[in-house]
Amino acid sequence: MGLVEDHASVVLGVRAMLADTDDLRLVASAGTVADLLDQHEQLDLTLLDLRLGDGSAPKANVDLLHAAGSAVLIYTGGENPYLVRAAARAGVLGVIRKSEPVAVAIEAIRTAAGGRQVATTDWAAAIDADPNLSDVGLSPRQREVLALYASGEKAGRVARLTGLSEQTVHDYLGRIRQKYAEAGRPAPTKTDLYKRAVEDGWLPVPEQPTP
């Protein structure tokens, strides 16, 4: 089993939690998915934090781990429903909080290690409570254009970064807006596109300012 977590204290805590189990073993940990896969390419299960220091999106991380043959269980202290929904859509086995009692966390990890879904009330509530959960079905290219444009880049800059013409970028944005509108999630402005990109996990949720 692997762990993607960029706080050393959490890594130590997971190792200690699993130390007395006979059937669960943490063989690799890293602060990013890429670094974990560089260390160990064959993992049956990976515990993944939703919010990482590299700003990566949950769905992108889950997709990378799935491509490497690893099932994914989200292990996070965050309660942001956008990130939970993004992970759920990506096909993870479940979402558990770091604040769960040790026995509960171990049982959830054991369930996921067996390839079974880990159903939690928090996860179900985060998914079921949002009426705008319709998947708009963006293509990889559309997601790339959306992420760049919604993050603040101008259409001309997006064109240069993607190798597309500026007119093609505008065409993509028009189709993206149309898909969101058809899904009941209109995004007429750039700010709206940013919100949709965050909701769907294509952009990271902004950090809350420190008081």
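The values are calculated or read from the model by the stated rules, or taken from the named source; none is laboratory data. On a predicted model such as this, the values are computed, not experimentally measured, just so you know. Here Cβ is always computed from backbone atoms with ideal geometry, including for glycine, and neighbour counts include all displayed protein chains.
Before moving on, here are some points about what is shown:
- Of the set (1) at pLDDT 85 or above; (2) outside any loop (DSSP other than H, G, I, E, B); (3) more than 22 Å from Gly13 (Cα to Cα), all apply to Leu47 but (3).
- Qualifying helices (runs of 4 or more DSSP H) (wholly inside region 123-211; at least 1 residues being closer than 27 Å to Leu52 by Cα, at pLDDT below 80 and out of contact with any Leu (no Cβ under 7 Å at 6 or more places or on another chain)): 190-199
- Screening region 35-44 for residues that are modelled with pLDDT of 90 or more and more than 13 Å from Ser70 (Cα to Cα) and picking the one that is surrounded by the fewest Cβ atoms within 10 Å (Cβ to Cβ) gives Asp38.
- Counting only residues that are touching a Ser or Thr at 6+ places or on another chain (Cβ under 8 Å) and of a type in the set (D, E, K, R), region 156-203 holds 1 of them.
- Cβ pairs under 6 Å, 6+ apart, first in region 58-79 and more than 14 Å from Ala34 (Cα to Cα), second at pLDDT below 90 and among the β-branched types (Val, Ile, Thr): Val72/Val92; Ile74/Val92; Ile74/Val95; Tyr75/Ile96
- Residue among Leu48, Leu64, Leu83 that alone is within 17 Å of Gly2 (Cβ to Cβ), crowded, with 21+ Cβ neighbours inside 10 Å and hydrophobic (A, V, I, L, M, F, W, C): Leu48
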